[in-house]
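Heads up, the thing below is written out as C-alpha cells.
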Amino acid sequence: MPNSAIPATAETVPAARSGARERGALLALGLACALLAAGLGYMLAQAGFGLGGDTRAEAGERMRVIVAGSGALLFLFAVTIAAVRSIMASRRQAEANDQLLAEAFRSLPTPRMVVDDKGRVIYVNPVFRQIFNCENRSPLGALAEYFAAAGGSRQEFERLQATAGRGVVARGEVEVPLESGESEWYEIVACPVANRPGHVIWRIEDVSAQRELEQVIRQEHETLFDFLEHAPVGFYSVNEDGRFLFVNQTLADWLGFTPEEILGGNFRLRNFVVAVPGRDAAPYDPFDQSGQTNGEVTLCGRDGRTLQAFVTQTVVPGSEGAGFRTRSVVRDLTPEREWEKALRVSERRFKHLFEDAPVGIALVDLSGNIAECNHLLHRFGSASGAPLLGVPILDLIADEDRVQAEALMRKAAAGKEFSGPIQVRLAGNPDRVASLFVSRAEDAAGGHAGLILHFLDITEVKKLELQFAQSQKMQAVGQLAGGIAHDFNNLLTAMIGFCDLLLLRHGPGEQSFADIMQIKQNANRAANLVRQLLAFSRRQTVQPKILNVTDILAEISNLLRRLIGEKIELKMIHGRDLAAVKVDQGQFEQVIVNLAVNARDAMPKGGTLTIRTGNVTNAEPIARGVEEMPPGDYVLIEVGDTGVGIPKSDIDRIFEPFYSTKEVGAGTGLGLSTVHGVVKQADGYIFVDSVVGEGTKFSIFLPRHQAAAVAAARQAAPMLGDLTGTGTVLLVEDEDAVRLFSARALRNKGYKVLEAKGGETAIELMKNLPEPVDLLITDIVMPDMDGPALVEWVRAREPDMRVICISGYAEDTFRKRIAEATNIHFLPKPFSLEQLAGKVKEVMREPTVH
C-alpha cells in the first residue's frame, strides 16, 4: 500500500482547484488580447498600404473594412473580458464551496478519510487523526494497525478494503477493550465514491451506546421471552383452523410436549380439548364465536393426564385481514382444586377437632357472650336444649363457681400467664364437674379478640377420687381390723373356751354360773364385733359355695320373723327359675339379717319388709354415686321397707365404717359397712334408694353362676351328749391359752391330743410318732412355718390326713392357698368348746379319701 511522505490536509484540495481556474482565465484573456492586437495590426497594415496607391473610394472602402474589423475585434475583446469575469466569479464561488465543504468535513464528530484509486489518502479530518494517532504516519496504515491492536484482524481490514475496491459498500465492527474492563464499539464503513473508481470514503462511527441499548433491548427481550415461556400460566394462539401459531413452554409442559412439537406437528386445539361444559369444542377455540371470552375446559396431554383449566381469550383478525387468531391465556385449576380439597379436609378436621372434641369448647367474644360452641358443651350446658349462641358464658357456670371463673377469664383477657384450670359445676347440669381452661384469642394483628374456653368433664375422675378415698379409708380400717383380729380372736377364744370349761363344773343353780355366762356373752359380743370388722374389710376367711338364694331365704325366714317382730309384716317374693350364685352362706345370711334389723329399726311403728328376688340382665352399665356396675347377668335381691327413709345427705355415707344414723349407743356403725364388704367380697354390687317418709330399698346384684346349686340346708349340729369321740389329734397352735383350752376340751371328750407350739415342732413330732395321726388341727397364722405350709408338708406325706384350720384372721395369700387344697375344714376363731368338739366330731366321722 503506497504511503505519502507528507499527509494531505483539508486545505490542499481547495487550493489546487483555485490555481487551475486562475490559469485558465489568464490564458483565455491572453489569447483574446493577442487576437485583438493581431487584428488591429492587420487592419492598420491594410489601411496604410492602401493610402499610398488606392483611390478615395478604395481608401474609404478599406477604412470601412478596418472599422468593421476593429469593431469585431473590440466585440471579441469584450466577450473575452466577460468570460474572464465569469471565470473569476466561478473561481470565487468554487473557492467558497470548497471552503464550506472543508469546514463541514473538518467539523464532523466522527472520523472520516478519503482514499484515491492509488491508495493515497487525499483527505482525513482531525477527529480521525486524534483517535487513530496518525500525525506521523499514514492514516490508512494507522487504521489497519488499529484493527489488529483492538483484537480484530488485518484480514478483516483487507476484506473491507477489497470489497470497497470492487465498488461495494463494506461494513465491519471492532470492539475496543478499555482499562476499566468495559469496551467501546466502532462501526467502520468503506463506501466507494460514485464515478470515481478506486476512490473510497472511510467512515468510523462510535456505536458503543447503540450496542449497550441493543444489549439492554436484547436482555429485556430475553427476560420477556423467558417470562412468557415459563410464566405460571399457559399462553397460546391458534388460527381459524385451530392450528397453533404460538404456544409457550408452560402450556407445552402441561400437555407433555415441547413447543416445537406442537408448532411443527399436525396438532389442532381440538386434539387437546377433551370437553367444554355444555357443548362440544370448536376447531379453533373452546368457546366458538359466541362472544364468550372465558370458561373452564378439560385438557388432555400425551400421557393421558387430564387437566382442569380456565381459559381466557380474545379473538382478533388475522394477518392482512385474512381469517382470525386468538390470544389465549390458560390457568391450571389443579392448585385451586387441591386448595379446595385441602380446605374441605381442613374444615372436616376442624369439625372433628371442634364439633366432635371430647371436651366442651366455647368461643367467647369481647362482650363475654358465646360466639360459637361445640355439641358437647351444648349438651352439658343447656338443660332445655335451647341454643347457647349469644348467651353470656358465665350463665353456664353454677353460682358458687362464677366468681372464681370470672377472675380466671379476666386474667386470661389481660394476657397474663396461665395459672392452671379451675373446677366448676355447670348450671344446667349440676351433677357434672368440669375443669375450666381459659386462653386468650387474638386477631391477625395480635390484638385481643375474645376468649377460648375448654370444659373438660372430670365427673368420672371425681368419682374415682371419691372411690379411692373410700378405698383408702376402708383399707385403713381393714388394716386396723386385720392388725388386731388375730390376737384379739385368740384372746376371745381363750375367754370363751375357759368359760365353757368353768361351766362344766358350775351348773345353772350355782352362784358363779351367772357371772361366767356374763363373761361368755360379752366375749361373744366382742367376737361378733371382730367378725363385722373383718367382713367389712373383706379379710374374713370365707368358704364360697354355689347356692340357691331362694333356699337360703327360706331357711332364715323364721329367724327374720322373730327378729323384726309382730308389728312388721314380712313379704318374700321369689323370682322364677332363679339362677345360682357363688357366695359364703354364713356371710350372705349375715347380710340379710343386718338389712332386716336396719329395716326393723326404721319402722318403729310397724310396716312392711319386702324381700324380692329375680334374674336381671343389664345391657348398659349402671352408675350410682361412686359405684358403677358393668353390663352382665345378675341375681337381684331387693330388701325394702316402708320406714322413715334416709336423708339424701346421708345416702353417700351409709356404707362408711362407724357411720350411723341411729342414736348414740344404739349401733356400732359397722352393720352396713359389713354388708358392703360381704357383697363386694362376692364380686357383687349394692345400691340404695330412699325417700324420706316413704322407705328405703337396698338392691344387691350378685353375678350368676352356671353350675348347679347345692342344697342350702345345714346339717344339724350334734347333740351335746354326742360330742365325744376317739382318735389321735395333733393340735398346732402358737397361742398358749388357745392351745391349752383346746387340748383340755378335746381330752375331756375322749380324744388323744398331741400339742405343738409351731409348724416345725409339729413336723418333728410327726416324724417320731409310733402311731398315725387321725386329725390335724392347725392355726393358719404362726411364726416361722405357717399353717398352709404345714398342711402342704403333711399332705405330701399323708394325702388322706383330715385337716381343720383354725383362724381368727387370714391374709388373702393364706386363704387362696388353703382354698386350692381339698378336704380341708375351717373353724373360725373365737370358737366355743361345743363348736370345737362338734367340728372335730363332724370331721372324724367323714370317711377318708383313698
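Observations on the structure shown:
- Each of the peptides 724-732, 258-266, 405-413 was scored by the mean count of other Cβ atoms within 10 Å over its residues; in descending order, highest first, they stand as 724-732, 405-413, 258-266.
- Sequence-distant residues sharing a close amide H with Met782 (under 5 Å, placed H): Gly787
- In the full protein context, region 303-422 carries 61 Å² of accessible surface per residue, based on a 1.4 Å probe and ignoring ligands, DNA and RNA.
- Amide H to amide H distances under 5 Å link Ile568 with Gly607, where only residues 5 or more positions off or on other chains count and H is placed in the peptide plane.
- Backbone geometry of region 252-263 corresponds, through the Karplus equation with coefficients 6.51, -1.76 and 1.60 at θ = phi - 60°, to 3J(HN,Hα) couplings of 4, 4, 4, 8, x, 10, 9, x, 5, 5, 6, 6 Hz, x marking Gly and Pro.
- Only Lys, Arg, Asp and Glu carry charge here, each on its Cβ (+1 for the first two, -1 for the last two); on that basis region 743-790 has a dipole of about 340 debye about its Cα centre.
- The fraction of accessible area contributed by carbon and sulfur in region 350-406 is 58 percent, rounded to a whole number (1.4 Å probe; ligands and nucleic acids excluded).
- Amide hydrogen proximity for Val274: with H placed 1.01 Å from N in the peptide plane, the residues at 5 or more positions away or on another chain lying under 5 Å are Thr298, Leu299, Cys300.
- Links that overshoot a 20 Å alpha carbon limit, given the list Lys571/Lys697; Lys545/Lys841; Lys571/Lys680; Lys351/Lys411; Lys463/Lys680: Lys545/Lys841; Lys571/Lys680; Lys351/Lys411
- Net charge contributed by nearby residues that have their C-beta within less than 14 Å of Phe354 (K/R +1, D/E -1): -1
- Other residues with beta-carbon under 10 Å from the beta-carbon of Ile188 carry, at +1 per Lys or Arg and -1 per Asp or Glu, a net charge of -2.
- Positive minus negative residues near Lys767 (Lys, Arg vs Asp, Glu; Cβ under 15 Å): -3
- Note on Ser512 and Gln404: the model spin-label points, each 7 Å out from Cα along the C-beta direction, lie 6.7 nm apart.
- Alpha-carbon centroid distance for the pair region 202-276 / region 311-367, whole angstrom: 28 Å
- With DNA, RNA and ligands ignored, accessible area of Glu229 (1.4 Å probe; Å², nearest 10): 20 Å²
- Shown is the FRET efficiency for Ala554 and Gln423, computed with R0 = 45 Å from the Cβ-Cβ distance and rounded to the nearest 0.05: 0.35.
- Computed packing ranks the peptides 497-505, 85-93 as 497-505, 85-93, most packed first, by mean other Cβ atoms within 10 Å.
The values are calculated or read from the model by the stated rules, or taken from the named source; none is laboratory data. Since this is a predicted model, take the numbers as computed values, not measurements. Because the Cβ atoms are built from the backbone with ideal geometry, glycine has one as well, and the counts that use them run over all protein chains shown. In case anyone asks, the SASA skips ligands and DNA or RNA and just uses the protein heavy atoms, side chains included. Shrake-Rupley method; radii C 1.70, N 1.55, O 1.52, S 1.80 Å.
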